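A.B. asks: Got a structure for you, questions after.
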Amino acid sequence: MNMITDRTRSSRAFGTRLRSILGLGSAAALVIAGVALVGVLPASAANATNFVFSTLPTTIGAGATFTSFTVTYQNGNGATDTISITSSCALGGTYSETAAGSVATFNAFQINTGTSCTLTATDTSAGAGGASSPTAAITVTPTTAYELGFNVAPLATAGAGVVLTAFKVATEDKYGNVITSGTDTIGLTSSCALGGTTSSPETAGIATFGAVTINQTGSCILIASDSSNNAIIAVSSSSISVSGGTPAKVAFNVVPPATVLVTGVVVPTFKAAVEDASGNIDTTGIGSTDSITLSSTCLAASVTAVATAGVATFASVEFASTGTCTLTATDSTRVLAPATGVTIVGQAQSAITVTTKSGYLDAPLTLAATGGSGTGAVTFSVTNGTATGCAITAGALSATKAGTCIVTATKAAVTPYANGVSAATTVTISSAPHAVKLAGTIRRSHKETVTVSGYNFSGRPKVSSNVSGFSALVTRDSGKTLSIVITVKTGASNPGVKVLTLAFANGTHTSVRYSLH
């Protein structure tokens, strides 16, 4: 019995020493030559430890594949465990491999972004495992310039007209690495009105914007683009919520009527708004419910309206006297710059009529009108009808293509009269008269009747020729043909080809050749 006990104790001690040598747990069963030693229990799975990287490069191009490297581990239970690599930098390619004989080989590994990148290996087959890092950090070098990025993004909120907190835009490669050699000029545009300095040159690939304002309220996006190279992809910011600035002025956002014919009649509704310095209406701020007072020497008394969402409506204004009336809208609640507008109050003028009705392409047409009242100057305005290029220069109408122009005459207001405006009048612009052919015989010492065909004839033109003793009279004008009686004195000119010229009342000329016999 004692011999058996001694042998059991000896086996236990041997098993303990052997497990220590083999790295097994105290509970693992130990079998030698098919015999389980007493006191040796099954051990739990152990994680790989002592990771060792083969030689790694100290620099690598962004997105470039590493030269093959290995990770060797020890003390694991699986020589074919899966080994994964993580990093402080963004990785690409394949960064998880199955080991063979406790060695994991990586052939398609990339680092896309970062500097001083540290790699960490983990045995993912055995749960959370031990890890080690390479002895030297890896630096990533950028590839070619590809796009812009907000290196420091604009804040999500801003005040209208208030300088934005400084932000930065960088030229980057396609992995997001800054191209530090960049010296391009970066410009800003937006869905909203911008102010301040919206263009900035890069320093080491980064453009800094420190004096930009957004001058209208709402949701605004900034777009940065490379002014020096439009091949670089632009970048859009996240939406910036822009609130109104401090009330600074009153402005007519619906202006008073320019003219009013008579006194004592309610004029069309107009409105005045409380705005910040950039022209944004204070819809919810301190000025949104202010009282706005309207005054003028032409009003019987001032009129006050309370703003709703920053806008005061004047719907019952009547003028008490005629003349040039200046309206002033003043904030009665706080001191703001007032708004001013001008209304001409007076009597209606008599009817004005545009009397010019037709002209020709190659001769500017002086316009005329009759009627109206007072001594105000008459001016004309024009729009295209069927013609193109209708324009008025110094009171003369011209067009670039034949057709109709629509002309309106306005006679300026002069006390006691308001502006007078004519009805829109159609003015026809035709191509210039053009003679095409002379039919008939012209003989010296004879009175001959000939026909000249063409188009746009009007007004029985004067007829002349490069022949001495020539006289002519137009007896009929159909617009397309002219009947002309011609006499040439005997001996006044030699026979041959001559030129007959038609001169129209509007100053246009046209010519046609004929044979003198």
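A.B. asks: Mind checking which residues of region 185-213 are buried (at least 20 other Cβ atoms within 10 Å of the Cβ) and outside any strand (DSSP E or B)?
C.D. replies: Selection gives E202, G205.
A.B. asks: While we're here: Being outside the structural domain of A363 (by TED's automatic domain parsing) and closer than 30 Å to T383 by Cβ is the requirement here; does G507 meet it?
C.D. replies: yes
A.B. asks: Of all residues in region 344-355 being surrounded by 18 or more Cβ atoms within 10 Å (Cβ to Cβ) and at pLDDT below 95, which is farthest from G264 (Cα to Cα)?
C.D. replies: Taking the candidates together, the pick is Q349.
A.B. asks: Take N466 and tell me if it is loosely packed, with under 14 Cβ neighbours inside 10 Å and touching a strand residue (DSSP E or B) at 6+ places or on another chain (Cβ under 7 Å).
C.D. replies: yes
A.B. asks: Only one of these conditions is not met by T70: (1) at pLDDT 90 or above; (2) closer than 30 Å to A145 by Cβ. Which number is it?
C.D. replies: Going through (1) at pLDDT 90 or above; (2) closer than 30 Å to A145 by Cβ one by one, T70 breaks only (2).
A.B. asks: Please state which of the following conditions I281 fails to meet, knowing it meets all the rest: (1) within 26 Å of the chain's Cα centre (by Cα); (2) closer than 22 Å to T313 by Cα; (3) surrounded by fewer than 15 Cβ atoms within 10 Å (Cβ to Cβ); (4) β-branched (V, I, T).
C.D. replies: Here I281 clears every test but (3).
A.B. asks: Now a separate question. Inside region 481-514, can you point out the residues that are in a strand (DSSP E or B) and loosely packed, with under 12 Cβ neighbours inside 10 Å? Step through it out loud before you land on a result.
C.D. replies: Step one: of region 481-514, the residues in a strand (DSSP E or B) are 481-488, 496-503, 509-514.
Of everything in region 481-514, those that are in a strand (DSSP E or B) and loosely packed, with under 12 Cβ neighbours inside 10 Å turn out to be G496, V497, R513.
A.B. asks: Turning to a different aspect of this structure: Could you tell me how many of the residues in region 235-246 are surrounded by 17 or more Cβ atoms within 10 Å (Cβ to Cβ), at pLDDT 95 or above and among the small types (G, A, S)?
C.D. replies: Looking only at that region, the number is 1.
A.B. asks: Same structure, new question: Filter region 261-274 down to the residues that are touching a residue at least 12 places away in the same chain (Cβ under 8 Å) and either over 17 Å from P338 (Cα atoms) or surrounded by fewer than 15 Cβ atoms within 10 Å (Cβ to Cβ) (or both) and list them by number.
C.D. replies: We begin by selecting, within region 261-274, every residue touching a residue at least 12 places away in the same chain (Cβ under 8 Å); these are 261-267, 269-274.
Correct list: L261, V262, T263, G264, V265, V266, V267, T269.
A.B. asks: Quick one: in region 216-234, which of the residues that are surrounded by 15 or more Cβ atoms within 10 Å (Cβ to Cβ) and assigned to a strand (DSSP E or B) is modelled with the lowest pLDDT?
C.D. replies: It comes out as G218.
A.B. asks: Of all residues in region 247-260, which are surrounded by fewer than 19 Cβ atoms within 10 Å (Cβ to Cβ) and touching a residue at least 40 places away in the same chain (Cβ under 8 Å)? Quick ask: steps written out before the conclusion?
C.D. replies: From region 247-260, those surrounded by fewer than 19 Cβ atoms within 10 Å (Cβ to Cβ) are 248-249, 252-255, 257-259; that's our starting set.
Of everything in region 247-260, those that are surrounded by fewer than 19 Cβ atoms within 10 Å (Cβ to Cβ) and touching a residue at least 40 places away in the same chain (Cβ under 8 Å) turn out to be A248, K249, F252, N253, V255, P257, A258, T259.
A.B. asks: Also: Could you please give the count of residues in region 452-478 that are outside any loop (DSSP other than H, G, I, E, B) and under 60 Å from the mean Cα position of the chain (by Cα)?
C.D. replies: Going through region 452-478 one residue at a time, the tally reaches 6.
A.B. asks: Only one residue in G61, G76 is among the small types (G, A, S), surrounded by 13 or more Cβ atoms within 10 Å (Cβ to Cβ), at pLDDT 90 or above and farther than 16 Å from L119 by Cβ, so which one is that?
C.D. replies: Testing whether each residue is among the small types (G, A, S), surrounded by 13 or more Cβ atoms within 10 Å (Cβ to Cβ), at pLDDT 90 or above and farther than 16 Å from L119 by Cβ leaves just G61.
A.B. asks: Right, next: Kindly provide the set of residues from region 81-106 that are assigned to a loop (DSSP other than H, G, I, E, B) and either without any contact (Cβ under 8 Å) to a residue 40 or more places away in the chain or among the acidic types (D, E) (or both), ordered by number. Walk me through it before giving the result.
C.D. replies: Kept after step one, since they are assigned to a loop (DSSP other than H, G, I, E, B), are these residues of region 81-106: 81, 88-89, 94-95, 99, 101-102.
Residues satisfying the conditions are D81, S88, T94, Y95, A99, G101.
A.B. asks: Out of all the residues in region 447-455, is one or more within 17 Å of S430 (Cα to Cα) and among the acidic types (D, E)?
C.D. replies: No: region 447-455 contains no residue that is within 17 Å of S430 (Cα to Cα) and among the acidic types (D, E).
A.B. asks: Among A439, A472, A432, A424, which is within 30 Å of T263 (Cα to Cα) and touching a strand residue (DSSP E or B) at 6+ places or on another chain (Cβ under 8 Å)?
C.D. replies: A424
A.B. asks: Next question. For region 478-512, how many residues meet the condition of being within 23 Å of Y360 (Cβ to Cβ) and modelled with pLDDT of 90 or more? Steps first, please.
C.D. replies: Initial filter on region 478-512 (within 23 Å of Y360 (Cβ to Cβ)): 478-484, 499-512.
From the residues that got through so far, the ones that are modelled with pLDDT of 90 or more too are 481-484, 499-503, 510-512.
Residues in region 478-512 being within 23 Å of Y360 (Cβ to Cβ) and modelled with pLDDT of 90 or more: 12 in total.
A.B. asks: So is S381 outside the structural domain of L294 (by TED's automatic domain parsing), over 26 Å from Y455 (Cβ atoms) and either in contact with a helix residue (DSSP H, G or I) (Cβ under 6 Å, 6 or more places away or on another chain) or surrounded by fewer than 20 Cβ atoms within 10 Å (Cβ to Cβ) (or both) or not?
C.D. replies: yes
The values are calculated or read from the model by the stated rules, or taken from the named source; none is laboratory data. These numbers were taken from a predicted model, which means no experiment stands behind them. Heads up, the Cβs are rebuilt from the backbone with ideal geometry, glycines too, and the neighbour counts pull from every protein chain shown.
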